[in-house]
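None of the figures in this text is laboratory data; all of them are computed from the coordinates on show. The shown structure was predicted, so the numbers you read here are calculated from the model rather than taken from an experiment. Here the Cβ positions follow ideal geometry from the backbone for every residue, glycine too, while neighbour counts run over all protein chains shown.
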Amino acid sequence: MPLIVTFLPVARNLAIARTTLLVVAATRARWRSQSQSSVPLAYYMATTGFVRDAHPRKTAARRTSSALARRRLLAVLSRLERAIPPSIESCVTPKLETLLVRLRPVAHDEIVGVLKHSNACIPTSRVIQSVLAHFGFESYPVATEVGACNKVQAQIFKSIGGREQAAKTTAEQRKDRARDGAWATAIGTGVTEAGLPVRTDGWDGHLVLRVEDMLLDGSIAMLNNSAKDLNLPKLLWTPVDSEWDRGRQYALSTGCEVIYVKLDDDSWRGTPYWKVDTEPYKSMQSRMVEAILTRVNLEERTP
């Protein structure tokens, strides 16, 4: 209903508003399928026939002469673009996406193979940063709190009005939901207030990278729990905007959900895995980077 109300000043009546929303969905699908992720959705819609399709009752002459209406529509589209949840990988540019697709099955395994454990967000971020730099992509680390839940819990969060409402549930309600298969976990400070199981085996935060207009997480798989139907990818990239540090939820294709919240904590910078200025950390860093580059370059040469 909020989106329909938003479009009423442009569409003028409910029938045209419904048509507008259907065209928005179809146009957004085309935008994603044609790899237009580097082009703003509002601009893509305005330059590929959306203005015509969204105003079926206007003649071509009236549409051409209505510059003011067009500007107003673009403003509404910009608001709609922020309102529609982005694809989990919709913002990545083609060149970077090609690299990430090659990294996804490679980076996590090579890093875990050297470290012998998967609870490694700091060294993982350091290694992937070096790999990205090798291919000409600038990135910087971001400390976050991260939470993840399976499909059952995601549906519960939605039904109760969001994760913030989880703290209001009783212990008995949580037990009932757990019996129904709900599961959520998190890394970060203060997450116990939401009644979530908390991982405490390491730094009280989760380090990811910001590259272009997205967050890149190479160690999210450490939250996986197949027994609880929580299955996350080995490498996750997800779009962000200027408001992302207020907390934002992202849905994965498996129905699991991940949420990142910016964390004001730089204590990880003093860890040997980030500084890599002493042994054995320097050697381990070099081994992981070289192993990943070798496999990525090999895949690139494989027809």
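Normalising by residue count, the range 111-158 has a Cα convex hull of 133 Å³ per residue.
Site pair ALA133 and LYS282 shows an inter-label distance of 1.5 nm when each label is modelled 7 Å from Cα along Cα→Cβ.
With 0.36 nm allotted per residue and the present C-alpha distance subtracted, the SER253-ASP265 stretch has 1.2 nm of extension available. Treating each Cα of the range 202-242 as one equal point scatterer and applying the Debye formula with no solvent, the log10 of I(q)/I(0) at q = 0.15 Å⁻¹ comes out as -0.43.
Computed about its Cα centre, the charge dipole of the range 94-273 is approximately 500 debye, with only Lys, Arg, Asp and Glu carrying charge at their Cβ. Ranked by the mean number of other Cβ atoms within 10 Å per residue, highest first, peptides 259-271, 101-113, 204-216 order as 204-216, 101-113, 259-271. Taking Lys and Arg as +1 and Asp and Glu as -1, the other residues whose beta-carbon sits under 10 Å from that of VAL276 total +1. If R0 is taken as 45 Å, the Cβ-Cβ distance between LEU298 and ARG210 corresponds to a FRET efficiency of 0.95.
When both bridge partners sit in the range 94-273, DSSP labels roughly 95% of those beta bridges antiparallel.
What is the extension gain from ALA171 to VAL114, computed as 0.36 nm multiplied by their sequence separation minus the C-alpha to C-alpha distance, in nm to one decimal? Full-extension gain reported as 16.4 nm.
The largest-to-smallest principal axis extents of the Cα set in the range 94-273 are 52, 36, 34 Å.
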